[in-house]
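As structure tokens, the structure follows; a few thoughts come after it.
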Amino acid sequence: DSGVTQTPKHLITATGQRVTLRCSPRSGDLSVYWYQQSLDQGLQFLIHYYNGEERAKGNILERFSAQQFPDLHSELNLSSLELGDSALYFCASSVERSSGNTIYFGEGSWLTVV
Amino acid sequence: AQSVAQPEDQVNVAEGNPLTVKCTYSVSGNPYLFWYVQYPNRGLQFLLKYITGDNLVKGSYGFEAEFNKSQTSFHLKKPSALVSDSALYFCAVRSTSGTYKYIFGTGTRLKVLA
């Protein structure tokens with residue numbers, strides 16, 4: 001158990017809908033990262049937050065947004081969903097701001113868009 | 001820009017034989033390098049990392065990796081493979097400068113045959 005908690009574990013929704021994925025980082029970790037894993041795209045970096053502030057953006061679609069709250073949990077919002085958004089979404093956390101920190105992954109949220 | 005290449009989609013090895021999973025990287029500045037393992041329907045688990053110092057890094061479950069700066073490689077190795085090592089392995093890199101982005105390779109599926 002990495003200590004990173006993601007909910008829900010599985011989600012099935014229709015095209016055009018909006019969903020929110022939630023991540024609770026490990027106790028004491030200030031950084032949260034979101035990744036998307038699909039069969040044909042590997043593990044794609046979406047976005048990084050540190051202590052409530054956005055630090056880096058990767059291949060995140062405009063239909064997607066994220067935020068990190070004062071209690072350090074993070075949410076990834078996916079809207080106007082398309083079939084191609086079906087994927088496993090991972091959250092990872094680290095204590096950060098020092099060199100070489102390891103990031104620890106949650107078990108992921110499986111999103112199926114039908 | 002940072003990048004990681006895992007040239008082999010799949011590696012097959014007989015149980016008891018040594019295994020190598022290859023990784024090369026490109027990063028500005030010095031790299032932090034990581035290996036993770038993913039079992040089916042699970043999150044990524046941290047195996048080992050190279051930050052600085054000894055080029056041979058030892059990690060969990062008997063795995064080790066060798067950092068080679070001149071060849072920009074960080075190959076994962078194990079002297080004697082187990083069937084239970086069969087999984088998907090990811091190499092990741094983070095630059096020591098710039099944003100704290102962790103970039104992952106496309107993954108290598110390791111199959112250990114009994």
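Rule-based calculations on the coordinates, nothing more; no lab input. Everything numeric in this text was worked out from a predicted model, so none of it was measured. As a convention, Cβ positions derive from the backbone with ideal geometry for all residues, glycine included, and neighbour counts pool all protein chains shown.
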Taking the Cα centre as origin and putting +1 on Lys and Arg beta-carbons and -1 on Asp and Glu beta-carbons, what dipole magnitude results for chain A, to the nearest 20 debye?
40 debye
For segment B:59-114, alpha-carbon Rg and Dmax in angstrom:
13.5, 45
Electrostatic dipole magnitude of chain B [Cβ: Lys, Arg +1; Asp, Glu -1; Cα centre; debye, to 20]
220 debye
Extension gain B:Ser28-B:Ser80, at 0.36 nm per residue separation less the Cα-Cα distance, in nm?
15.3 nm
Cross-link reach from B:Lys22 to lysines, straight Cα distance under 23 Å and at least 8 residues apart if same chain, gives B:Lys49, B:Lys58, B:Lys69, B:Lys77, B:Lys78, B:Lys101, B:Lys111
Can you give me the distance in nm between label points at B:Leu56 and A:Arg63, each placed 7 Å from the Cα along the Cα-to-Cβ direction?
5.1 nm
Fraction in percent of alpha-carbon pairs per bin - 10 Å, chain B:
15, 49, 29, 6, 0
If you bin every alpha carbon distance in segment B:25-72 into 5 Å steps from zero, what whole percent lands in each bin?
5, 19, 28, 22, 15, 9, 4, 0
Would you compute the Debye intensity of the protein assembly as shown from its alpha-carbon atoms alone, equal scatterers and no solvent, and pass along log10 I(q)/I(0) at q = 0.09, 0.10, 0.17 Å⁻¹ to two decimals?
-0.36, -0.45, -1.23
Calculated from backbone phi, Karplus (6.51, -1.76, 1.60) coupling profile of segment A:52-64 in Hz, x at Gly/Pro:
x, 10, 6, 10, 7, 10, x, 7, 9, 5, 5, 6, 9
Please name whichever of B:Val83, B:Ile103, B:Gly16 sits farthest to the positive end of the charge dipole of segment B:16-114, dipole taken about the Cα centre and charges placed at Cβ: Lys and Arg +1, Asp and Glu -1.
B:Ile103
Rounded, prolate or oblate (a/c below 1.5 giving rounded, otherwise prolate when a/b exceeds b/c) for chain A by Cα gyration tensor
prolate
Could you give the nm distance between label points at B:Ser70 and A:Ser86, where each point is 7 Å from its Cα heading toward the beta carbon?
5.0 nm
Please identify, among A:Ser94, A:Ser24, A:Ser80, the residue showing maximal mean-square fluctuation in a Gaussian network model of chain A using a 10 angstrom Cα cutoff.
A:Ser80
